[in-house]
Amino acid sequence: MKLSKRIQTVEGSKTARFIPLLDALKRQGRPVISLAIGEPTDDTPVPVVEATKRALDRQETRYGDMAGLMALRAALAGRFEGCEPENIVVFNGSKQALYTIFQCICDPGDQVIIPVPCWVSFAEQVKLAGADPVFVPTIDHQLDLAGLAAAVTAKTKAILINSPNNPTGAVYPRETLERVARLAVDHDLVVIADEAYDFFVYDDLSHFSLYQLEAVRQRLILTRSFSKHYAMTGFRVGYAVAPADVAAAMVRLQSHLTGNVCTFAQHGAVAALAMDDELLVRRRADLQRKRDLAFEQVSAMFPCIRPQGAFYLFPDISGQLHRGETSGDFAARILEKTGVAIVPGEDFGTNGHVRICFAAPDDQLMDAFKRIREVL
Ligand code: GLU
């Protein structure tokens, strides 16, 4: 069948493809270690599971408000100064929130500035909205403010900021984000803030959200997720915080797309918000310990910038490439010879690197690094 030109220009998710690939290898009996897909291996918290089961027992299995459960939106709104439930829209993960944002703000020919390396779905989602991604390289994983300013044209609609960053783990400081905000105000741009990893910031740093800058709030669309913090990746619950008119437009699209997010999963999310932060604090400390362990191992093999947040390392493996090899070939060689799955840097717009997820059990991390060392 002849497919639409639109879908022909879009590639499947480079991270999600590892899920069936690794399942198939495991079924073949291969001793695979996945450091590819970005998801915590911890259990989903008991209160979340229990609340979800109770919702099922109560038959909370019907259609619901397409913007999301009021209880969930009210609880989320309470976490953002000056925010009301009508500023919150619940989505099937922040991935769908981001897709919807581009659909709602972009016209064909618009440009969206994206610092690279960047998460695999941004560019494809922008293209699906008929717009063009404009990539601006980072410098040592931090934003190149002059480069961002130079990339603005009359067609620029938005600038996308992802901090803590996937795939680099970079966390952008307040002063940098203030300058991004100023750039957006000066050029009348929308700012999209993907904050899927907001709580996972390490050492003595703290996460600074663009939402804290009032000057930009009316042009800001922020997305967050339950997936990473509460190990709820399969629940598919994320959300956007947006000016009310944008939120209403996103709900209009949602009403033709999926309708509401799974009702009982949203009850699980309400329970997650009701938990005190003790679990998250513990998980953050554990991830920082894993970051240290993984960074020590990886930086002994490759040049690597120490990540400050999220749960990825993005080492420069160019010194280990065979002649003519890309980082995709390198990742394929490592998977073939060691059974360790990592994601090629070119999938994030930067060749010569790979992404390694360190949110894995310690023994698997150590085993994986030992196997890679042996091959090198
Ligand atoms: N965001 C995670 C990752 O980068 C999950 C997979 C996906 O949705 O891309 O691996």
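Considering all different alpha carbon pairs of the chain, the Kirkwood hydrodynamic radius works out to 21.4 Å. Carbon and sulfur together cover what percent of the accessible area of region 312-359 at a 1.4 Å probe radius? Ligands and nucleic acids excluded, carbon and sulfur give 45 percent.
Taking amide H positions as placed 1.01 Å from N in the peptide plane, with prolines and chain starts having none, which residues 5 or more places from Val116, or on another chain, fall under 5 Å of its amide H? Correct list: Val136, Thr138.
When its C-alpha radius of gyration is set against 2.2 N^0.38 Å (N residues), region 54-193 gives a value of 1.20. Other residues within the sphere of radius under 15 Å centred on the Cβ of Thr263, judged by their own Cβ, net out at +3 (K and R +1, D and E -1). Listed by chain and number, the lysines placed with their C-alpha closer than 29 angstrom to that of Lys5 are Lys14, Lys95, Lys127, Lys155, Lys157; residues fewer than eight positions away on the same chain are left out.
On the accessible surface of region 38-163, probed at 1.4 Å, how many percent belong to carbon and sulfur atoms? Looking at region 38-163 in its full context, I get 52 percent from C and S. Computed over protein heavy atoms with a 1.4 Å probe, the accessible surface of region 293-376 works out to 39 Å² per residue. Fraction of C-alpha pairs exceeding 16 angstrom in region 299-376: 48 percent, rounded to a whole number.
On the beta carbon distance between His322 and Ala149, with R0 = 45 Å, the FRET formula returns roughly 0.70.
Per residue, the convex hull around the alpha carbon atoms of region 29-118 comes to 241 Å³.
Summed over the residues of region 7-59 and divided among them, the accessible surface reaches 61 Å² per residue at a probe radius of 1.4 Å. With a/c under 1.5 counting as rounded, go ahead and sort region 256-336 into rounded, prolate or oblate using the C-alpha gyration tensor (a ≥ b ≥ c being the square roots of the eigenvalues; past the cut-off, prolate if a/b is larger than b/c, else oblate). The shape class here is oblate. Sorted largest first, the principal axis extents computed over the alpha-carbon atoms of region 204-267 equal 34, 33, 15 Å. The C-alpha radius of gyration of region 132-195, expressed as a fraction of 2.2 N^0.38 Å, stands at 1.04. In loop segments of region 1-109 as defined by DSSP, the GluC sites (Glu not before Pro) with at most 15 further C-beta atoms inside 10 Å of their C-beta are Glu11, Glu81. Taken over region 124-254, the convex hull of the Cα atoms encloses 130 Å³ per residue.
Taken per residue, the accessible surface of region 102-195 reaches 36 Å², heavy atoms only and a 1.4 Å probe.
When trypsin sites (Lys or Arg not before Pro) are flagged only if DSSP places them in a loop and at most 12 other Cβ atoms lie within 10 Å, the longest unflagged stretch of the chain comes out as 80-322. For Lys370, the lysines whose Cα comes closer than 23 Å to its Cα, not counting residues fewer than 8 places off in the same chain, are Lys26, Lys290, Lys337.
The values are calculated or read from the model by the stated rules, or taken from the named source; none is laboratory data. All of these numbers come straight from a predicted model, not from anything done at the bench. Ideal geometry is used to build each Cβ from the backbone, glycine not excepted, and the neighbour counts take in all protein chains shown. The protein model used for the area step is the full one, side chains on, heavy atoms only, and it has no ligands, DNA or RNA in it. Shrake-Rupley method; radii C 1.70, N 1.55, O 1.52, S 1.80 Å.
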